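Okay, so here's the structure we're looking at.
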Amino acid sequence: KVASTHHALRYFTGGIAGGIEICITFPTEYVKTQLQLDEKANPPKYRGIGDCVKQTVQSHGVRGLYRGLSSLLYGSIPKSAVRFGVFEFLSNRAKDENGRLDTTKGLVCGLGAGVMEAVVVVCPMETVKVKFIHDQTSANPKYKGFFHGVSQIVKEQGLRGTYQGLTATVLKQGSNQAIRFSVMTSLKNWYKGDNPNKPINPLVTGTFGAIAGAASVFGNTPLDVIKTRMQSLEAHKYKSTLDCAVKIMKYEGPLAFYKGTVPRLGRVCLDVAIVFIIYEEVVKILNTVWKTD
């Protein structure tokens, strides 16, 4: 019973950490999504990151940069719980007799955690977020808030409407967590050397988290771009995830797959660093408070 309380508090705190991180970094997520939706054929509405921020603030005030935040906040706790819970579950079974998890097994466990969080939480949450942000750019926004938006989407498209871009989301989250957890596992193993119990201070954890976050950005931004397009209000233009990728390549060129990389890089590095620091520090505290076998 003590162990289960320990785990419940650890996952819950991870979710709270994710919520705090989102509030800090969401404007960069907003700008990234807007730049990805800003197709060349329209022609482009924004000239870059600064112009996107400037136009949004002029039209909607600073609050405009937080459009779609609620959908991420509502999903942050279950997303973090699923991510760390599944990784913990899988890694505990993959560690060797010395309690060490190698990089390859860390990648597989991360992949499992990413796929699970994509199906259970991330896909419906991200779909609503992207629709909210895209809705704001229309002449007459129709979504008044989170619950109104969800009810309208379900009413018009059924529950399936909140699962647009599932394949792309699974690919994105799976590769995301596979890269992050494998890089994190590799760096921690390198740092600890022959002493698996060597403590890691928060600054080192944050640095490792930022490196893991950067690796995941460069590794899967193309999948993130495809996912965003598949979840937008114009998703009907694409027959499938593959069709979306082919059309982007054909009409916009390979660089289009890296739209929004700079704002995403800043957000993700900060995101992963903050979440891993808080998660690791809370685990240390809980391991001190609740001695479990």
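The values are calculated or read from the model by the stated rules, or taken from the named source; none is laboratory data. Owing to the predicted nature of the structure, the values given are computational and were not obtained by experimental measurement. Glycine also receives a Cβ, built like all others from the backbone with ideal geometry; neighbour counts cover every protein chain displayed.
Here are a few things to note about the model shown:
- Candidates are the residues of region 153-172 that are in contact (Cβ under 8 Å) with a residue 40 or more places away in the chain and among the aliphatic types (A, V, I, L, M); the one that is nearest to Val128 (Cα to Cα) is Leu166.
- One residue stands out among those in region 46-64 that are over 13 Å from Pro263 (Cα atoms) and among the hydrophobic types (A, V, I, L, M, F, W, C): the one that is modelled with the lowest pLDDT, which is Val62.
- Cys123 crowded, with 23+ Cβ neighbours inside 10 Å, more than 16 Å from the chain's Cα centre (by Cα), in contact (Cβ under 8 Å) with a residue 24 or more places away in the chain and assigned to a helix (DSSP H, G or I): no
- Residue match in region 226-240 (condition: among the small types (Gly, Ala, Ser) and either touching a Phe, Trp or Tyr at 6+ places or on another chain (Cβ under 7 Å) or part of a helix (DSSP H, G or I) (or both)): yes
- Residue list for region 54-81, restricted to those being more than 21 Å from the chain's Cα centre (by Cα) and either touching a residue at least 40 places away in the same chain (Cβ under 8 Å) or part of a helix (DSSP H, G or I) (or both): Lys54, Gln55, Thr56, Val57, Gln58, Ser59, His60, Val62, Arg63
- Only one of the numbered conditions (1) more than 21 Å from Phe218 (Cα to Cα); (2) in contact with a Leu (Cβ under 7 Å, 6 or more places away or on another chain) is not met by Lys259, and that is (1).
- Close pairs from region 94-108: first more than 16 Å from Arg83 (Cβ to Cβ) and in a helix (DSSP H, G or I), partner of a type in the set (Gly, Ala, Ser) and modelled with pLDDT of 90 or more, Cβ under 6 Å, at least 6 apart: Thr103/Ser182; Thr103/Ser186; Lys105/Ala94
- In region 266-292, the residues that are charged (D, E, K, R), surrounded by 14 or more Cβ atoms within 10 Å (Cβ to Cβ) and either within 13 Å of the chain's Cα centre (by Cα) or at pLDDT below 80 (or both): Arg267, Asp271
- The residue pairs whose first member lies in region 274-285 and is among the charged types (D, E, K, R), whose second member is surrounded by fewer than 21 Cβ atoms within 10 Å (Cβ to Cβ), and whose beta carbons are closer than 9 Å, counting only pairs six or more residues apart or on different chains, are Glu280/Ile200; Glu280/Pro202; Glu281/Pro202; Lys284/Pro199.
- The set of residues from region 200-220 being modelled with pLDDT of 90 or more and more than 13 Å from Ile274 (Cβ to Cβ) comprises Ile200, Asn201, Val204, Ile211, Ala214, Ala215, Ser216, Val217.
- Flag if Leu90 is part of a helix (DSSP H, G or I), under 16 Å from Gly174 (Cβ atoms) and touching a Cys at 6+ places or on another chain (Cβ under 6 Å): yes
- Top-ranked residue of region 144-170 - restricted to ones that are assigned to a helix (DSSP H, G or I) and touching a Lys or Arg at 6+ places or on another chain (Cβ under 8 Å), ranked as nearest to Cys244 (Cα to Cα): Ala168
- Pairs with Cβ under 6 Å, 6+ apart, first in region 191-218 and loosely packed, with under 11 Cβ neighbours inside 10 Å, second in a helix (DSSP H, G or I): Lys198/Lys192
- In the set (1) hydrophobic (A, V, I, L, M, F, W, C); (2) at pLDDT 90 or above; (3) within 16 Å of the chain's Cα centre (by Cα); (4) farther than 23 Å from Thr25 by Cβ, Leu166 fails one condition alone, (2).
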